[in-house]
Amino acid sequence: MNLAVQIGKLTLQNPVMVASGTFGYGVEYARLIDLNRLGAVVVKGIRLGPVRGNPPPRTVEVTSGLINAIGLQGPGVDGFIEKYWPFLQGLKVPTIINIWGTTVDEYAEVARRFDALGGVGALELNVSCPNIKEGGSQFGTDCKLLAEVVAACRRATTLPLITKLSPNVVNIAPYARAAEEAGSDALAIMNSYPALAIDLETRRPKLANVTGGLTGPCIKPIALKLVWDAAKAVRIPIIGMGGIQSAADALEFLVVGATAVAVGTANFYEPQTALEVIAGMREFLQRKGIEDVREWTGSLRA
C-alpha cells in the first residue's frame with residue numbers, strides 16, 4: 001500500500017496533515033500523538049513581527065462546529081525560530097509554515113526569511129483568515145492582489161508554495177487559477193467562514209471580536225464542493241480541509257480531487273484523529289484493492 005503523495009517537490013509519507021491554527025507549533029501535541037506518523041505538521045500563522053491576537057473570549061462552540069476569533073496570535077519570525085524551530089527541526093516529517101502579512105512586501109519578506117532558514121518543508125500562504133482587520137482575506141478575495149502576493153513570494157523563495165484560499169467568493173475557480181499562474185505549487189482549500197454567535201440573555205455576541213471563523217463538520221459539504229470546483233480548474237495539487245473527523249471524510253476529499261487533506265477542528269476534541277484517519281484510509285483502500293492512494297484521487301463518478 002503506497003500512501004505517499006507529492007506536493008510540488010515535497011514528498012509526504014501519507015496524505016494526512018494537521019491544519020494551521022489547530023495544532024499550535026506541534027510541540028503542544030507531542031505528548032499526545034506521534035508527530036512522525038503524520039504526513040506533515042502545519043504550524044500557526046507567522047507574520048514578520050509578534051502579534052497579540054484578539055481579546056477573549058475567542059472561541060465558542062456552535063452546532064456541529066466551532067467559531068474562533070484568535071486573530072492570528074503569534075511570536076513573529078524571530079520568536080518562532082528561537083522558541084519552536086529547534087523542536088520542529090528534530091521531526092522526521094516536514095514542517096509547513098503558514099505565513100501572512102498586511103502588505104505584499106511583508107508576505108515576501110517572511111517568505112525570504114524562511115527560505116534562508118533551511119529545513120523548511122513548504123510555506124502556506126494565508127490569504128484567507130477572516131478574523132483580522134488587515135491582511136488575510138483581503139488578499140484572497142481579490143484575484144489581482146492574490147496573484148501579486150503569490151508572485152512576490154515565488155520570487156522570494158524556492159520552497160514549495162501552498163496558497164490557502166478563501167471560501168468567501170462567488171466562484172473559487174478564478175482564484176485557484178490566479179494562484180497557479182502566479183507560481184503556487186499547490187492550493188489549500190478551505191479556510192473558515194465568517195460567522196456570529198449570540199448570547200440571548202445579554203443580547204451580546206459570544207466573541208469579543210463580535211464575529212469569527214466557522215469550522216468543523218458543519219462546513220464539510222461546502223468544502224467538498226469548493227475542492228471539486230477548484231480541481232476542475234487547475235492542475236496543481238489541492239490539500240482539502242473542512243470538518244474532517246474520520247477516514248471516510250478524508251476519502252471524500254480525495255475522491256473529488258484533493259491530493260492530501262488536513263485535520264483541523266477535530267484536533268481540539270480528539271488529538272488522535274489524524275492518526276485514526278491514516279489507519280482508516282489504509283484499511284479502506286486495501287479493502288477496495290487499491291494499492292496506491294493516487295488511484296483514488298479525483299476518481300468521483302459524476
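Laboratory data are not the source of any read-out in this text; all were calculated from the coordinates shown. Just so you know, these numbers come straight off a predicted model, no measurement behind them. Neighbour counts are summed over all protein chains in view; Cβ atoms, including those assigned to glycine, are modelled from backbone coordinates with ideal geometry.
General observations
- Normalised contact order of the chain, rounded percent, pairs of Cα under 8 Å and 6 or more residues apart: 20 percent
- Residues with amide H under 5 Å from that of Val42, placed H, sequence gap 5 or more: Val18, Ile96
- Per DSSP, loop trypsin sites (Lys or Arg not before Pro) in segment 235-302 with at most 14 further Cβ within 10 Å: Arg235, Lys288, Arg301
- Computed from backbone phi with θ = phi - 60° and the Karplus coefficients 6.51, -1.76 and 1.60, the 3J(HN,Hα) list for segment 200-205 is 5, 5, 9, 6, 10, x Hz; x is used for glycine and proline.
- The order of the peptides 214-226, 251-263 by mean Cβ neighbours within 10 Å, most packed first, is 251-263, 214-226.
- For the chain, the 222 nm mean residue ellipticity estimated from helices alone, with every DSSP H stretch of n ≥ 4 adding -39500 (n - 2.57) and the total spread over all residues, rounds to -9500 deg cm²/dmol.
- Hull volume per residue, based on the alpha-carbon atoms of segment 33-170 and their convex hull, is 132 Å³.
- Above-threshold pairs, the threshold being 25 Å between Cα atoms, out of Lys9/Lys288; Lys164/Lys225; Lys9/Lys44; Lys9/Lys92; Lys92/Lys232; Lys9/Lys164: Lys9/Lys288; Lys92/Lys232
- Stokes-Einstein diffusion for segment 190-302, with the hydrodynamic radius set to the Kirkwood value over Cα pairs and evaluated at 20 °C in a medium of 1.002 mPa s, equals 140 µm²/s.
- Reduced Cα scattering model of the chain, Debye log10 I(q)/I(0), q = 0.07, 0.10 Å⁻¹: -0.23, -0.48
- Kirkwood-based Rg to Rh ratio, segment 220-284, C-alpha trace: 0.98
- Amide H to amide H, with H built 1.01 Å from N, Val62 comes under 5 Å of Ile67, counting only residues 5 or more places away or on other chains.
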